[in-house]
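Input: a single structure, listed below in C-alpha coordinates.
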Amino acid sequence: MFDLSPYDAIVFDLDGVIVSTDEQHYLAWKMIADDEGIPYSREINNRQRGVSRMESLDVLLEAAPKAYSQAEKNEMAFRKNEEYKRGISFLKPGDMLEGMPEILALLKEKGLKSAIASSSKNTNTILERLELSNWFDAVVSGSDIKASKPDPEVFSLAAQWLGLDPAKCLCVEDAKAGIESGRGAGMKTLGIGPSTRGISDFHFEETRDFALALGISLS
(Lines give C-alpha, C1' and ligand atoms only; values in the text may rest on other atoms or scores of the structure.)
Protein backbone atom coordinates (compact mmCIF):
# COMPACT_ATOMS: atom_id res chain seq x y z
CA MET A 1 0.00 0.00 0.00
CA PHE A 2 1.22 3.48 -0.83
CA ASP A 3 1.28 5.64 2.31
CA LEU A 4 -0.32 9.08 1.91
CA SER A 5 0.03 10.00 5.59
CA PRO A 6 3.21 12.12 5.16
CA TYR A 7 1.37 14.52 2.85
CA ASP A 8 -1.23 17.24 3.22
CA ALA A 9 -1.71 17.63 -0.53
CA ILE A 10 -1.08 15.91 -3.83
CA VAL A 11 0.01 18.21 -6.66
CA PHE A 12 -0.65 16.73 -10.08
CA ASP A 13 0.70 17.53 -13.47
CA LEU A 14 -2.25 17.47 -15.88
CA ASP A 15 -1.32 15.97 -19.23
CA GLY A 16 -0.09 12.40 -18.90
CA VAL A 17 -1.28 12.08 -15.29
CA ILE A 18 -4.95 13.15 -15.14
CA VAL A 19 -5.60 12.72 -18.87
CA SER A 20 -3.49 12.03 -21.91
CA THR A 21 -3.60 14.44 -24.84
CA ASP A 22 -0.37 13.05 -26.29
CA GLU A 23 -2.07 12.18 -29.56
CA GLN A 24 -3.55 15.67 -29.94
CA HIS A 25 -0.12 17.20 -29.30
CA TYR A 26 1.54 14.81 -31.73
CA LEU A 27 -0.95 15.43 -34.54
CA ALA A 28 -0.78 19.20 -34.07
CA TRP A 29 3.02 19.27 -34.18
CA LYS A 30 3.04 16.86 -37.11
CA MET A 31 0.77 19.23 -39.02
CA ILE A 32 3.33 22.02 -38.52
CA ALA A 33 6.23 19.74 -39.46
CA ASP A 34 4.48 18.52 -42.61
CA ASP A 35 3.55 22.05 -43.64
CA GLU A 36 7.19 23.13 -43.27
CA GLY A 37 8.76 20.01 -44.75
CA ILE A 38 10.50 19.13 -41.47
CA PRO A 39 11.15 15.48 -40.55
CA TYR A 40 9.12 14.53 -37.48
CA SER A 41 8.54 11.36 -35.49
CA ARG A 42 7.05 10.13 -32.25
CA GLU A 43 10.58 9.95 -30.84
CA ILE A 44 10.93 13.70 -31.41
CA ASN A 45 7.47 14.17 -29.93
CA ASN A 46 8.56 12.36 -26.76
CA ARG A 47 11.31 14.94 -26.29
CA GLN A 48 8.65 17.67 -26.24
CA ARG A 49 6.92 16.26 -23.16
CA GLY A 50 6.67 18.48 -20.12
CA VAL A 51 8.13 21.67 -21.62
CA SER A 52 6.62 24.89 -22.92
CA ARG A 53 5.18 25.37 -26.39
CA MET A 54 8.07 27.51 -27.61
CA GLU A 55 10.63 25.06 -26.21
CA SER A 56 8.74 22.25 -27.94
CA LEU A 57 8.91 24.21 -31.19
CA ASP A 58 12.67 24.56 -30.78
CA VAL A 59 12.92 20.76 -30.53
CA LEU A 60 10.91 20.37 -33.75
CA LEU A 61 13.02 22.97 -35.56
CA GLU A 62 16.29 21.17 -34.82
CA ALA A 63 15.71 19.20 -38.02
CA ALA A 64 14.49 22.17 -40.07
CA PRO A 65 16.30 22.82 -43.36
CA LYS A 66 16.30 26.58 -42.75
CA ALA A 67 16.32 29.15 -39.97
CA TYR A 68 13.12 30.88 -38.87
CA SER A 69 12.57 34.37 -37.57
CA GLN A 70 10.94 34.92 -34.19
CA ALA A 71 7.81 36.15 -35.95
CA GLU A 72 7.66 32.95 -38.00
CA LYS A 73 8.15 30.86 -34.86
CA ASN A 74 5.35 32.71 -33.10
CA GLU A 75 3.06 32.07 -36.05
CA MET A 76 3.88 28.35 -36.09
CA ALA A 77 3.31 28.08 -32.34
CA PHE A 78 -0.06 29.82 -32.78
CA ARG A 79 -1.10 27.44 -35.57
CA LYS A 80 -0.03 24.44 -33.51
CA ASN A 81 -2.06 25.59 -30.54
CA GLU A 82 -5.16 26.24 -32.63
CA GLU A 83 -4.97 22.68 -34.00
CA TYR A 84 -4.34 21.29 -30.51
CA LYS A 85 -7.33 23.20 -29.11
CA ARG A 86 -9.49 21.75 -31.85
CA GLY A 87 -8.36 18.27 -30.79
CA ILE A 88 -8.99 18.73 -27.07
CA SER A 89 -12.43 20.22 -27.68
CA PHE A 90 -13.65 16.62 -27.98
CA LEU A 91 -12.40 15.58 -24.52
CA LYS A 92 -14.97 14.29 -22.01
CA PRO A 93 -14.87 13.06 -18.40
CA GLY A 94 -14.57 9.46 -19.54
CA ASP A 95 -11.19 10.30 -21.09
CA MET A 96 -9.50 10.61 -17.71
CA LEU A 97 -6.78 7.99 -17.30
CA GLU A 98 -7.88 4.77 -15.66
CA GLY A 99 -7.88 5.05 -11.89
CA MET A 100 -7.73 8.84 -11.76
CA PRO A 101 -11.40 9.53 -10.91
CA GLU A 102 -11.09 7.07 -8.05
CA ILE A 103 -7.81 8.63 -6.85
CA LEU A 104 -9.37 12.10 -6.78
CA ALA A 105 -12.40 10.76 -4.87
CA LEU A 106 -10.11 9.05 -2.34
CA LEU A 107 -8.21 12.28 -1.67
CA LYS A 108 -11.49 14.05 -0.92
CA GLU A 109 -12.52 11.19 1.36
CA LYS A 110 -9.23 11.45 3.29
CA GLY A 111 -9.42 15.23 3.53
CA LEU A 112 -6.25 15.77 1.52
CA LYS A 113 -5.92 18.84 -0.65
CA SER A 114 -5.19 18.52 -4.36
CA ALA A 115 -3.78 20.88 -6.96
CA ILE A 116 -2.79 21.07 -10.61
CA ALA A 117 0.66 22.32 -11.61
CA SER A 118 0.83 22.43 -15.40
CA SER A 119 2.94 24.39 -17.88
CA SER A 120 0.05 24.32 -20.36
CA LYS A 121 -1.91 27.48 -21.06
CA ASN A 122 -4.78 25.20 -22.08
CA THR A 123 -5.09 23.79 -18.54
CA ASN A 124 -8.42 25.42 -17.72
CA THR A 125 -9.94 24.35 -21.03
CA ILE A 126 -8.94 20.74 -20.42
CA LEU A 127 -10.27 20.78 -16.86
CA GLU A 128 -13.54 22.24 -18.11
CA ARG A 129 -13.90 19.48 -20.71
CA LEU A 130 -13.21 16.87 -18.00
CA GLU A 131 -15.74 18.56 -15.68
CA LEU A 132 -13.00 19.16 -13.09
CA SER A 133 -12.98 22.96 -13.11
CA ASN A 134 -14.07 23.24 -9.47
CA TRP A 135 -12.48 20.08 -8.13
CA PHE A 136 -8.97 21.21 -7.16
CA ASP A 137 -7.95 23.45 -4.28
CA ALA A 138 -5.45 25.24 -6.52
CA VAL A 139 -4.80 25.30 -10.27
CA VAL A 140 -1.53 26.72 -11.60
CA SER A 141 -1.26 26.85 -15.39
CA GLY A 142 1.18 28.13 -17.96
CA SER A 143 -0.63 31.47 -17.80
CA ASP A 144 0.42 31.92 -14.17
CA ILE A 145 4.16 31.33 -14.45
CA LYS A 146 7.16 33.01 -16.02
CA ALA A 147 9.42 29.93 -16.22
CA SER A 148 8.40 26.51 -17.52
CA LYS A 149 9.44 23.18 -16.09
CA PRO A 150 12.08 22.08 -15.10
CA ASP A 151 12.11 25.43 -13.28
CA PRO A 152 10.39 24.82 -9.90
CA GLU A 153 8.13 27.87 -10.16
CA VAL A 154 4.92 26.03 -11.06
CA PHE A 155 5.13 23.62 -8.11
CA SER A 156 6.36 26.29 -5.71
CA LEU A 157 3.38 28.44 -6.67
CA ALA A 158 0.99 25.52 -6.21
CA ALA A 159 2.26 24.97 -2.65
CA GLN A 160 1.98 28.71 -2.00
CA TRP A 161 -1.61 28.83 -3.24
CA LEU A 162 -2.43 25.78 -1.12
CA GLY A 163 -0.89 27.50 1.88
CA LEU A 164 1.37 24.51 2.53
CA ASP A 165 5.02 23.72 3.02
CA PRO A 166 6.22 22.05 -0.22
CA ALA A 167 7.70 19.27 1.93
CA LYS A 168 4.13 18.30 2.83
CA CYS A 169 3.13 18.01 -0.85
CA LEU A 170 3.62 15.07 -3.20
CA CYS A 171 4.36 15.95 -6.84
CA VAL A 172 2.86 13.51 -9.36
CA GLU A 173 4.44 13.81 -12.82
CA ASP A 174 4.98 11.87 -16.03
CA ALA A 175 7.94 13.82 -17.46
CA LYS A 176 11.59 14.24 -16.48
CA ALA A 177 11.28 18.03 -16.55
CA GLY A 178 8.31 17.81 -14.21
CA ILE A 179 10.10 15.59 -11.72
CA GLU A 180 13.00 18.06 -11.67
CA SER A 181 10.52 20.90 -11.18
CA GLY A 182 8.76 19.23 -8.25
CA ARG A 183 12.02 18.23 -6.61
CA GLY A 184 13.38 21.75 -7.06
CA ALA A 185 10.31 23.08 -5.26
CA GLY A 186 11.09 20.84 -2.29
CA MET A 187 8.47 18.13 -2.87
CA LYS A 188 8.75 14.37 -2.86
CA THR A 189 8.11 13.11 -6.39
CA LEU A 190 6.01 10.28 -7.78
CA GLY A 191 6.64 9.45 -11.42
CA ILE A 192 4.17 7.89 -13.82
CA GLY A 193 5.45 6.09 -16.94
CA PRO A 194 8.82 5.26 -18.47
CA SER A 195 10.16 8.82 -18.66
CA THR A 196 10.33 9.06 -14.87
CA ARG A 197 11.68 5.61 -14.11
CA GLY A 198 14.76 5.83 -11.90
CA ILE A 199 14.58 9.58 -11.31
CA SER A 200 11.55 9.98 -8.99
CA ASP A 201 11.20 9.09 -5.33
CA PHE A 202 8.35 6.72 -6.17
CA HIS A 203 7.36 5.26 -9.52
CA PHE A 204 4.43 3.52 -11.20
CA GLU A 205 4.15 2.52 -14.83
CA GLU A 206 0.58 3.79 -15.18
CA THR A 207 -1.90 5.94 -13.29
CA ARG A 208 -3.98 2.81 -12.64
CA ASP A 209 -1.01 1.23 -10.84
CA PHE A 210 -0.90 4.19 -8.47
CA ALA A 211 -4.62 3.73 -7.83
CA LEU A 212 -4.14 0.03 -7.06
CA ALA A 213 -1.27 0.86 -4.69
CA LEU A 214 -3.67 3.14 -2.81
CA GLY A 215 -5.96 0.16 -2.25
CA ILE A 216 -8.51 1.23 -4.86
CA SER A 217 -10.39 -1.59 -6.58
CA LEU A 218 -10.69 -1.11 -10.33
CA SER A 219 -13.08 -3.19 -12.41
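Look through S20, S52 and report the one residue that is in contact (Cβ under 8 Å) with a residue 40 or more places away in the chain, farther than 18 Å from F204 by Cα and either of a type in the set (S, T, Y) or assigned by TED's automatic domain parsing to the domain that holds S143 (or both).
Result of the check over S20, S52: S52.
Can you confirm whether T189 is among the β-branched types (V, I, T) and free of Cβ contacts under 8 Å to residues at least 60 places away in the same chain?
yes
Inside region 1-119, counting only helices (runs of 4 or more DSSP H) that do not spill past its ends, which hold 2 or more residues that are touching a Lys or Arg at 6+ places or on another chain (Cβ under 8 Å) and more than 27 Å from D165 (Cβ to Cβ)?
Filter on region 1-119 gives 22-36, 53-61, 70-88.
Just to verify a result, which residue in region 120-145, among those that are assigned to a loop (DSSP other than H, G, I, E, B) and touching a strand residue (DSSP E or B) at 6+ places or on another chain (Cβ under 7 Å), is farthest from L14 (Cα to Cα)?
D137
Can you name every one of the helices (runs of 4 or more DSSP H) wholly within region 146-219 that holds 3 or more residues which are under 14 Å from S119 (Cα atoms)?
Filter on region 146-219 gives 153-162, 176-184.
Under 8 Å by Cβ, and 6 or more places apart or on different chains, what pairs join a residue from region 58-74 that is farther than 15 Å from N46 by Cα and hydroxyl-bearing (S, T, Y) with one that is in a helix (DSSP H, G or I) and at pLDDT 95 or above?
Cβ pairs passing all conditions: Y68/L61; Y68/M76.
Any idea how many residues of region 64-83 are under 30 Å from G191 (Cα atoms) and small (G, A, S)?
Matching residues across region 64-83 total 1.
Tally up the residues in region 164-208 that are over 19 Å from E153 (Cβ atoms), surrounded by fewer than 17 Cβ atoms within 10 Å (Cβ to Cβ) and of a type outside the set (K, R), please.
7
May I ask you to verify whether I103 is outside the structural domain of S52 (by TED's automatic domain parsing), over 26 Å from K80 (Cβ atoms) and of a type in the set (V, I, T)?
When the stated conditions are applied, I103 passes them.
Is there a residue in region 164-180 that is in contact with a Gly (Cβ under 7 Å, 6 or more places away or on another chain) and farther than 17 Å from R49 by Cα?
yes
Find all pairs meeting these conditions: Cβ atoms under 6 angstrom apart; at least six residues apart or on different chains; first residue within region 119-130 and surrounded by fewer than 22 Cβ atoms within 10 Å (Cβ to Cβ); second residue in a helix (DSSP H, G or I) and at pLDDT 95 or above.
L130/P93
Could you look through region 132-163, keep only residues that are over 25 Å from L107 (Cα atoms) and of a type in the set (A, V, I, L, M, F, W, C), and pick out the one that is surrounded by the fewest Cβ atoms within 10 Å (Cβ to Cβ)?
The extreme case among them is A147.
The values are calculated or read from the model by the stated rules, or taken from the named source; none is laboratory data. Nothing here was measured: the structure is a model prediction, and the numbers come from that model. As a convention, Cβ positions derive from the backbone with ideal geometry for all residues, glycine included, and neighbour counts pool all protein chains shown.
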